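Below is one structure; the comments refer to it alone.
The values are calculated or read from the model by the stated rules, or taken from the named source; none is laboratory data. Predicted model, so just to flag it, every value in this text is computed and none were measured. Neighbour counts run over all protein chains shown; Cβ positions are idealised from the backbone, glycine included.
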Amino acid sequence: LNNRVDLAMKRQEIKIFEQSMTMARLGMVPEMEAGFNTEHEPDGAHVKGPAFETEIPVFDHKQADRLRVKFQIEFCRNELTAMESQARLEVRLAYHQLISTRNIVETYLEAIPVQREIVKETLYHYNYMLKGVYDILRTKQEEINVRQEYITSLRDYWIARAELGHAVGKIFPAMP
């Protein structure tokens, strides 16, 4: 779950909302400004002195802002939990798909030498005039079909392997 980019983005979104919650809490402290002020009076006198401004929240205590951020955090946490469950399911399905395609590839790897031997034996029978030309062509076609199905299953294996890598969130190194 630590390798998935989408989960990392959702975790970062939760952190951002938690920081905004902190800012919303700090928003309870009224904004203050202080400075130094000079004014010219119409009679020509100069008035100098400190200036201090603050807002006093009478009706708006920013409670709605804090509640909104709190519910956004809760919503994002629920989304993260759902995304983690979905990621686990994706990994489990991709793993089972990889295992089944690998078993199919291994089955075809065992079938190719058997088909080669069948073609060889059919040629012996043809040489002894026990089989016809069509028998040789049919067995050779079956051997070609087994090789094509092997290639297709090998392609499916690599696709399943890539999907598992995507589900896990990292690329697997090539196997020798």
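Quick look at the numbers
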read-out: Enumeration of residues in the stretch 119-150 that are modelled with pLDDT under 90 and among the basic types (Lys, Arg); value: LYS131
read-out: Cross-chain or 6+ apart pairs with Cβ under 6 Å, the stretch 85-108 first and within 23 Å of THR152 (Cα to Cα), then of a type in the set (Ser, Thr, Tyr) and surrounded by 14 or more Cβ atoms within 10 Å (Cβ to Cβ); value: THR101/TYR157; ARG102/TYR157; ILE104/SER153; VAL105/SER153; VAL105/TYR157; TYR108/TYR150; TYR108/SER153
read-out: Meets criteria (exposed (fewer than 11 other Cβ atoms within 10 Å of the Cβ) and within 30 Å of ASN3 (Cα to Cα)) for SER85; value: yes
read-out: Residue match in the stretch 151-170 (condition: within 26 Å of the chain's Cα centre (by Cα) and not in a helix (DSSP H, G or I)); value: yes
read-out: Selection from the stretch 53-73 of residues that are assigned to a helix (DSSP H, G or I) and either at pLDDT 90 or above or not charged (D, E, K, R) (or both); value: GLN63, ALA64, LEU67, VAL69, PHE71, GLN72, ILE73
